[in-house]
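Engineer: One structure coming up, written as structure tokens, with questions to follow.
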Amino acid sequence: MATYETFDQDVEVNGQTILAVVKEAMGRFSDEYQERAVQALAAEGVTDPEPEEWYPQQTWLTAFETIAEELQPHVLDRLGEQIPEVATWPNNFETVSEGLQSIDDAYQENHRGGEIGYYEFEQTGERTGELTCYNPYPCSFDRGLIRGVARQYASVDAFVFIEETGDTCRRSGDDTCTYTVYW
């Protein structure tokens, strides 16, 4: 499966998530980046997303692809870092491992219908763990998301490092990427 291609055409994304990413997260970069994200969505037929509505994930993924192509892929990494702060997110925990486990909860809450994929976390050491991402979002976005969550719950003196360690990668057409997270 290629990145930016939904696993199932029935999958939808919560409008509140779209608004949070476009208005809040992209707005943190610049007005120009925010406007480019709005234009990318409009090109896919989403001109005024409503928070309570649901939109086709493929539309959202195509807008993501446009953003990556026009604003450079590193923007998606930085965008991923912002997600825990701007998206609807469970936050009734205090540790990095609980935070990393919550990525799947947030993903499931903000997507629906059909095969949406998952994020699966396993703690492998006192301050390490593996997170497998089975979803159609780009690797750079997931790396940023993982880093953003880990930093949010890591101690102030911790150095958060993410390394792709799996045998498969979505950049190569696979369905999953696995990252080792150190904190």
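The values are calculated or read from the model by the stated rules, or taken from the named source; none is laboratory data. The shown structure was predicted, so the numbers you read here are calculated from the model rather than taken from an experiment. Don't worry about glycine lacking a Cβ; one is built from the backbone with ideal geometry, like all the others, and counts go over all protein chains shown.
Engineer: Looking at Ala87, Ala158, Ala154, which one is out of contact with any strand residue (DSSP E or B) (no Cβ under 8 Å at 6 or more places or on another chain) and within 20 Å of Val13 (Cα to Cα)? Steps first, answer last, please.
Structural biologist: Details: Ala158 fails: within 20 Å of Val13 (Cα to Cα); Ala154 fails: within 20 Å of Val13 (Cα to Cα).
Exactly one residue qualifies, and that residue is Ala87.
Engineer: If you don't mind, there's one more thing I want to ask. Looking at segment 151-169, is at least one residue within 22 Å of Trp60 (Cβ to Cβ) and at pLDDT below 95? Write out each step before concluding.
Structural biologist: Keep residues of segment 151-169 that are within 22 Å of Trp60 (Cβ to Cβ), which gives 169.
Pick out the ones that are also at pLDDT below 95 and you get 169.
Yes, some residue in segment 151-169 is within 22 Å of Trp60 (Cβ to Cβ) and at pLDDT below 95.
Engineer: Moving on. Can you tell me which condition Glu126 does not meet? The list is (1) touching a helix residue (DSSP H, G or I) at 6+ places or on another chain (Cβ under 9 Å); (2) surrounded by fewer than 21 Cβ atoms within 10 Å (Cβ to Cβ), and all the others hold.
Structural biologist: Glu126 satisfies every listed condition except (1).
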